[in-house]
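Worksheet: the structure to be examined is printed underneath.
What follows draws every value from the coordinates through simple rules; no lab data is involved. All values reported here derive from a predicted model rather than from experimental measurement. Here the Cβ positions follow ideal geometry from the backbone for every residue, glycine too, while neighbour counts run over all protein chains shown.
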Amino acid sequence: MAEPISATAAALDAVGWLPVVGAAINVALGLNGLLRPAATAGFTSVAPVGRIGVSEIRATYGGLFLAFGLFALGSGSPVAFRALGCGWLGAAVGRVASIVVDRSREPRNFGAVAFEAVIAALLLAA
C-alpha cells in the first residue's frame, strides 16, 4: 500500500525545480566572471584597476559565485539553497539602500533589484 503524500511534500515537489534554476543562474554568472572578467566588469559597472582588479573580478564574481552555486547543486541541500538565497536577498536589500541613501535611481539599478529578488525567491523556495 502506497503512503499518502502530504500537502507539504506535494508543494515541495511542485516547486522543487525553482532553487535548481536559481543555483544554475549562480553557476552561469560565476563562469562568466571567471572566464570573461571584462564582460562581467561591464555588466556590473565595476571598473577593475590593473591586474589585481581583474583578479578580484575573477575571484569574487567568478570563483565565489561558481563555488556557491555548484555546492548548492551538488549537495542538493535545502539549507545550501536557502543560504545562497539569503545572500541574493541581502544584495537586493543593499541595492535598495543605495537607491535611497545614494539617490542612485537609474533604471538599471531598479532592474538589478528585481533580478536579485527573483534569484533570491527561486533559491528560497527550497
Could you tell me what fraction of 2.2 N^0.38 Å the Cα radius of gyration of segment 32-72 comes to, as a two-decimal ratio?
-> 1.10
Expected sort for Val20, Val79 with the fewest Cβ neighbours (10 Å cutoff) up front is Val79, Val20
Rule-of-thumb Rg ratio for the chain [Cα; 2.2 N^0.38 Å; N residues] | 1.23
Which ³J(HN,Hα) values in Hz, rounded to whole numbers, follow from the phi angles of segment 52-69 under the Karplus curve 6.51 cos²θ - 1.76 cosθ + 1.60, where θ = phi - 60° and Gly and Pro get x?
-> 5, x, 5, 4, 5, 5, 4, 6, 7, 7, x, x, 5, 4, 4, 5, 5, x
CD proxy, 222 nm, the chain: helix-only mean residue ellipticity via -39,500 (n - 2.57) per DSSP H run with n ≥ 4, per residue, nearest 500, stands at -25000 deg cm²/dmol
Longest principal axis of the chain (C-alpha) makes with the long axis of helix 17-35 (C-alpha) an angle, in degrees to the nearest 10, of 30
